[in-house]
Amino acid sequence: MRILVLGGTSFVGRAIVEDALRADAEVTLFGRGRTGTDLFPQLTRLIGDRDTGDYAALRDGTWDAVVDVSGYVPRHVAQSMDALEDRVGRYLFISSHAVYQRTGVGPGSDEDAPRRPVVRDTEELDDDTYGPLKVACEDDVVARYGSRATIVRPGKVAGPHDPSDTFTYWVRRASYGGPVALPADPEQPVQIIDSRDLARLVVRLLLDERPGAFNAVGPAEPTTLGALIETCARVAGTEVEIVPVSPDVVPPLFPLVRANWPTQQRSSARARAAGMPATPLEVTAADVLAWDRERGEPPLLKGFSPKEEQALLAHRGRRWPQGPG
């Protein structure tokens with residue numbers, strides 16, 4: 001199978017390329033050539049820029065499928081489809097569970113849950129526009145490719161090489177042990193998907209030529225934020241004491257903290273039936289811990305700094321553990 005990946009040298013795209021190569025696919029990469037330049041030296045790289053509309057490198061060539069990892073606004077998708085025309089068999093678009101409406105949906109919602117209203121009049125990405133812009137992208141792909149369109153809607157993706165610091169924050173913090181400040185209810189449900197499970201789903205959908213939309217969420221067994229932190233500690237060989245603190249002291253979108261619990265309880269049944277595997281949470285945590293340590297544990301952009309957490313714990317009569325930072 002010949003696969004064109006629009007983006008594929010960062011995190012999710014990187015995992016998809018690795019899985020496709022294991023499936024003996026012939027992979028071509030399209031991107032700006034600025035990240036991951038040392039990765040996949042054996043692959044053909046086509047240089048272009050979606051932000052400027054430079055798709056000249058896609059004028060020639062045919063592929064059985066395209067995986068669009070880097071489409072965030074309708075213009076990206078429209079221009080890539082115009083450039084490729086009918087020289088691709090299937091168009092698989094990596095969307096997001098941010099497309100779904102945030103209210104009026106209970107636990108266990110599936111791919112037929114109502115989506116948010118389309119937004120097309122901006123390319124500014126923020127919490128209000130990201131999901132609605134992805135809705136517009138989904139609609140355009142389906143309108144153009146019909147039964148040759150596949151939509152994958154990941155939840156929070158975790159794994160080695162994750163640039164978001166979201167899951168990595170809890171893996172690293174739990175590895176220090178001791179009292180852990182948590183600005184949420186420890187019983188809050190949480191869903192993460194291992195990047196390698198997401199990649200396996202994408203490649204499986206392409207090989208099976210499956211149309212439709214699929215929720216890529218995990219882990220396989222329902223878990224809570226408190227249990228996730230304890231799992232990360234167990235993997236690191238430490239012990240933690242979860243100390244709830246007021247959510248009023250943190251900015252919105254603190255790592256994995258969500259007030260709307262049903263958004264963390266979506267059904268993955270359709271994706272599981274299509275072949276999405278289930279990496280145990282312990283394995284994901286162990287692999288992220290090893291990767292984070294190997295890269296030297298650089299400062300994280302999300303979560304409490306050690307100084308901030310120390311102050312919160314001191315207010316609760318706890319002492320921050322001795323550790324890096």
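Numbers at a glance
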| read-out | value |
| --- | --- |
| Positive-end residue, the chain charge dipole about Cα centroid, Cβ charges, pick of G131, A227, A56 | A227 |
| Estimated translational D of the chain in µm²/s (Stokes, Kirkwood radius over Cα pairs; 4 °C; 1.567 mPa s) | 63 µm²/s |
| Å² per residue, accessible surface of the chain at 1.4 Å | 44 Å² |
| Within segment 227-275: Cβ-based charge dipole about Cα centre, in debye rounded to nearest 20 (Lys, Arg +1; Asp, Glu -1) | 480 debye |
| Total charge dipole magnitude, segment 43-101, about the Cα centre, Cβ charges on Lys, Arg, Asp, Glu only, Debye to nearest 20 | 120 debye |
| At q = 0.11, 0.14 Å⁻¹, base-10 log of I(q)/I(0) for segment 144-224 (Debye sum, equal scatterers on each alpha carbon) | -0.41, -0.60 |
| Contact order normalised by residue count of the chain, Cα under 8 Å, 6+ apart, percent | 18 percent |
| Once exposed loop GluC sites (Glu not before Pro) are cut out (DSSP; at most 12 other Cβ, 10 Å), longest piece of the chain | 240-325 |
| Heavy-atom accessible surface of the chain: percent carbon and sulfur, 1.4 Å | 50 percent |
| Most positive-pole-ward Cα, L84, A285, V217, against dipole of the chain from beta carbon charges | A285 |
| Largest-first principal axis extents, alpha carbons of segment 191-235, Å | 40, 17, 11 |
| Residue-averaged 222 nm ellipticity for the chain, from DSSP H runs of 4+ at -39500 (n - 2.57), nearest 500 | -10000 deg cm²/dmol |
| Within segment 1-36, trypsin sites (Lys or Arg not before Pro) in DSSP loop having at most 15 other beta-carbon neighbours inside 10 Å | R32, R34 |
| Exposure ranking of K134, K307 by accessible area [1.4 Å probe, largest first] | K307, K134 |
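The values are calculated or read from the model by the stated rules, or taken from the named source; none is laboratory data. What you are looking at is a predicted structure, and each value in this text was computed from that prediction instead of being measured. Cβ coordinates were reconstructed from backbone atoms using ideal geometry, including for glycine residues, and neighbour counts include every protein chain displayed. Only protein heavy atoms, including side chains, enter the accessible area calculation; ligands, DNA and RNA are left aside. Shrake-Rupley method; radii C 1.70, N 1.55, O 1.52, S 1.80 Å.
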